[in-house]
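I have placed the structure first, in the form of structure tokens, so that the comments after it can refer back to it.
The values are calculated or read from the model by the stated rules, or taken from the named source; none is laboratory data. Please read all numbers here as calculations on a predicted model, not as lab measurements. Cβ placement follows ideal geometry from the backbone for every residue including glycine, while neighbour counts extend to all protein chains displayed. Heads up: the accessible areas ignore ligands, DNA and RNA and are worked out on the full protein's heavy atoms, side chains in. Shrake-Rupley method; radii C 1.70, N 1.55, O 1.52, S 1.80 Å.
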Amino acid sequence: KMAAAAAAGGAGVAAAALWSEVNRCGQNGDFTRALKSVNKILQISKDDVTALQCKVVCLIQNGNFKEALGVINTHTKVLTSDVIAFEKAYCEYRLNRIENALKTIQSASQQTDKLKELYGQVLYRLERYDDCLAAYRDLIRNSQDEYEEERKTNLSAVVAAQSTWEKVMPEDLGLREATYELCYNSACALIGQGKLNEAMKKLQKAEAFFLFALIFLQDVTEEDIEAELAIIHGQMAYIMQLQGCTEDALQLYNQIIKLKPTDVGLLAVIANNIITINKDQNVFDSKKKVKLTNAEGVEHKLSKKQLQAIEFNKALLAMYTNQADQCRKLSASLQSQSPEHLLPVLIQAAQLCREKQHTKAIGLLQDFADQHPASAAEIKLTMAQLKIAQGSVTKACMILRSIEELQHKPGMVSALVTMYSHEEDIDSAIEVFTQAIQWYQQFQPKSPVHLSLIREAANFKLKHGRKKEAISDLEELWKQNPKDVHTLAQLISAYSLVDPEKAKVLSKHLPSLDTMSLKVDVDALENSHGATYVRKKAGKLTGDNQQKDQGQGDVKKKKKKKKGKLPKNYDPKVTPDPERWLPMRERSYYRGRKKGKKKDQVGKGTQGSTTAGSSELDASRTASSPPTSPRPGSAAAVSATSNVIPPRHQKPAGAPATKKKQQQKKKKGAKGGW
């Protein structure tokens with residue numbers, strides 16, 4: 001383009017020199033100096049088409065897309081769509097005006113290869129994956145140049161997006177996984193299919209490819225290497241999270257965040273995944289991570305479903321942190337963006353339940369169910385759960401029975417029967433069985449679920465005394481399979497309770513014992529681990545014991561019962577005490593023990609008088625009293641307390657022993673002193 005611009009230069013010497021400068025700078029990649037020369041040319045000829053084109057190209061190369069688009073829109077008469085369609089569409093694409101870029105491409109009279117390449121990128125950003133796949137297939141089929149590997153990479157990215165976001169089973173395109181980008185995209189497609197182990201192996205292969213490619217790459221900075229590996233490691237951590245290895249996933253997520261990658265989309269996804277791991281725990285960390293999801297330009301890096309998931313988690317986090325107004329604001333915004341989506345309404349209902357407004361929450365869910373019948377089943381299940389939480393089991397049953405598409409499901413039948421049984425409403429429980437059985441008779445008569453429901457209904461009726469109804473169900477089962485011995489046995493058992501003669505007649509249909517005999521090793525069965533009775537192994541018999549056993553044969557010894565002993569004072573004429581088996585304190589005639597007179601008349605006498613031994617009990621008169629709260633491990637405390645006799649071991653004051661000791665001391669003193 002620069003060579004063409006130089007060739008189309010003005011006739012003047014100055015213009016020719018300027019065009020020569022533009023050409024030289026373009027070849028050297030110095031577009032800033034080239035732009036200066038182009039501006040000088042435009043001063044000479046302001047409507048020069050080639051000069052305007054060169055100016056737009058220089059601005060695009062310098063990253064000034066907004067200014068380049070301004071030049072195109074200012075000179076619309078000169079720069080028509082046929083002349084500069086690609087440059088205009090590319091500027092709009094880089095400015096994230098994707099819809100405008102699509103219109104510009106579609107309005108171009110001639111679809112060049114450059115426009116087709118850009119068209120594929122635009123369709124991918126608009127998430128029109130089917131059209132994008134067709135566009136890249138056409139490009140690969142009809143072009144042969146050095147960019148073929150990049151086109152295949154983009155094609156594999158489209159397939160991965162279909163598998164992840166639209167749950168479409170990807171077709172085998174026959175792409176050879178020769179680069180780490182192709183391996184990575186293949187791993188993403190496998191994640192969308194739920195093949196997590198295979199996806200992890202592909203990611204490991206992609207990492208190995210990348211590290212091998214570094215040998216041949218030059219001028220690659222450490223930041224570039226970390227950025228590429230961060231994307232692969234982030235996907236690995238996501239697989240770990242899906243597999244339940246949340247601790248390992250969290251550790252890898254935090255390692256990536258510490259590297260501070262420049263990709264705001266990657267950081268937003270990792271921060272969101274950490275928030276989902278934290279849930280209602282570690283809320284402070286989650287609030288810090290939310291800031292990463294609000295970075296500038298995130299909305300242009302992620303798909304609509306990714307952005308929606310982030311907003312849902314923001315609303316849930318607001319609910320967990322008791323920010324009720326923020327939670328309502330976010331959920332209302334989500335509902336306005338996606339009126340048919342279920343999650344915003346469920347979040348609003350959960351917030352109302354946290355505020356103990358269960359009735360309002362149920363009303364909100366009911367309104368949504370009425371407006372969106374397609375989601376009514378899930379909404380009504382939530383309403384039933386709220387009713388059960390309130391204790392209104394019968395109302396919960398009514399809500400569940402209103403979900404017509406689930407009435408015949410075994411899980412629904414089981415839940416309703418259990419709830420009605422809890423409420424002792426046996427008739428309603430039997431009605432649930434009947435409706436489910438009728439549905440299977442009409443639509444799936446040979447289904448094993450049909451026969452299973454009839455059997456369960458019969459067992460339930462027998463348990464609750466509805467024998468005749470149970471018999472009719474069992475007869476229906478037996479008619480469908482006359483060789484079913486188990487059903488016949490149940491039928492005979494039921495008839496034995498109502499009509500024994502009929503039971504005898506039916507018992508003739510039972511097979512003989514010979515045909516029913518099973519090859520069972522009784523000894524092995526009795527000695528098995530789960531047997532309640534285990535036969536003891538017979539020990540070796542020697543000497544007299546062996547002869548005794550042979551003589552006695554199979555005769556068993558009868559144990560003699562010992563006669564009960566009667567009490568010594570037993571009188572047969574006197575009737576025994578009927579309360580003799582009860583403890584004395586529990587007998588009707590027990591009046592308690594008689595309290596004797598206290599030996600020490602404490603408290604008697606005139607006010608202020610004391611007993612003879614009161615001085616001995618006075619702790620203040622002792623030579624050394626022990627400390628009230630001795631330190632643990634103190635030797636002094638141990639010695640002090642060990643010499644003190646507890647009060648209950650002291651002899652009463654004025655005891656005879658003390659008097660004798662005092663008399664002996666006096667006698668000794670008389671001999672020596674007097």
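Using the heavy atoms of the protein chains and a 1.4 angstrom probe, tell me the accessible area per residue for region 409-510 in square angstrom.
59
Dipole of region 279-319, Cα-centred, from +1 at each Lys and Arg C-beta and -1 at each Asp and Glu C-beta, to the nearest 20 debye?
Using only the charged Cβ atoms, the result is roughly 60 debye.
Kirkwood Rh and Cα-based Rg: tell me the resulting Rg over Rh for region 409-510, rounded to two decimals.
Over the Cα atoms of region 409-510, Rg/Rh equals 0.99.
Which whole-number percent is the relative contact order of region 409-510 (Cα, under 8 Å, 6+ apart)?
Relative contact order for region 409-510 comes out at 16 percent.
Could you sort 114-123, 160-169 so that the peptide with the highest average Cβ count within 10 Å comes first and the rest follow in order?
114-123, 160-169
So with the 1.4 Å probe, I'd like the accessible area per residue for region 238-339, rounded to whole Å².
On a per-residue basis, region 238-339 sits at 56 Å².
Past the 28 Å Cα-Cα mark, which pairs from 88/304; 463/502; 66/301; 66/167; 380/468?
Table pairs above 28 Å Cα-Cα are 66/167; 380/468.
Calculate, in nm to one decimal, what residue 226 and residue 579 gain on full extension: separation in residues at 0.36 nm each, minus their alpha carbon distance.
That pair, residue 226 and residue 579, stretches by 118.1 nm at full extension.
Bin width 5 Å, origin at 0, all Cα-Cα pairs of region 51-188: what percent of pairs per bin?
2, 10, 18, 18, 18, 13, 11, 6, 3, 1, 0
Quick one: in region 355-483, what % of C-alpha pairs are over 17 Å apart?
Looking at region 355-483, the distances longer than 17 Å represent 61 percent of pairs.
I need the chymotrypsin sites (Phe, Trp or Tyr not before Pro) found in region 202-289, filtered to DSSP loop residues with at most 10 other beta carbons within 10 Å of theirs.
In loop regions of region 202-289 (DSSP not H, G, I, E or B), the sparsely surrounded chymotrypsin sites (Phe, Trp or Tyr not before Pro) are 216.
Can you compute the FRET efficiency between residue 479 and residue 370 using 1/(1 + (r/R0)^6), with r the Cβ-Cβ distance and R0 = 51 Å? Round to the nearest 0.05.
0.70
With all protein chains present and a 1.4 Å probe, how do 340, 247 order by accessible area, largest first?
Descending order: 247, 340.
Which pairs, out of 387/409; 116/260; 287/329; 258/279; 205/279, put more than 26 Å between their alpha-carbon atoms?
Over 26 Å Cα-Cα: 116/260; 205/279.
Report the full-extension gain for the segment residue 169 to residue 280: residue separation times 0.36 nm, less the Cα-Cα distance, to one decimal in nm.
Gain on stretching residue 169 to residue 280: 36.5 nm.
Evaluate the relative contact order of region 121-209 (contact order divided by residue number), counting alpha-carbon pairs under 8 angstrom at least 6 apart; express in whole percent.
With pairs under 8 Å counted, the relative contact order is 23 percent.
Quick one: pull the percent of accessible area on region 140-293 belonging to carbon and sulfur, 1.4 Å probe, ligands and nucleic acids left out.
52
With the contact rule set at Cα under 8 Å and sequence spacing of 6 or more, what percent relative contact order holds for region 194-259?
32
List the aspartates and glutamates whose Cα lies under 13 Å from the Cα of residue 360, skipping any in the same chain that are fewer than 8 positions away.
Answer for residue 360, where 13 Å is the Cα cut-off: none of the aspartates and glutamates qualify.
Rounded to whole Å, give me the distance from the Cα center of region 232-296 to that of region 158-218.
21
In nm, give the distance between the simple-model label positions of residue 422 and residue 146, each being 7 Å from the Cα along the Cα-to-Cβ direction.
7.2
With a 1.4 Å probe and every protein chain left in place, work out the accessible area per residue of region 12-133 in Å², rounded to a whole number.
On a per-residue basis, region 12-133 sits at 52 Å².
Take the Cβ-Cβ distance between residue 563 and residue 356 as r, set R0 to 56 Å, and report the resulting FRET efficiency rounded to the nearest 0.05.
0.20
What does the highest-first list of 88-96, 189-197 look like by mean Cβ count within 10 Å?
88-96, 189-197
Going by accessible area, probe 1.4 Å, with all protein chains left in place, what is the ranking of 478, 581, largest first?
Order by accessible area, largest first: 581, 478.
So for each of 415-423, 386-394 I average, over its residues, the number of other beta carbons within 10 Å; can you give me the resulting order with the highest mean first?
Result, highest mean first: 415-423, 386-394.
Grab the Cα-Cα distance for residue 571 and residue 392, subtract it from 0.36 nm times how many residues apart they are, and report the gain in nm with one decimal.
57.9 nm
Considering only protein heavy atoms and a probe of 1.4 Å, how much of the accessible area of region 409-510 is carbon and sulfur, as a whole percent?
53
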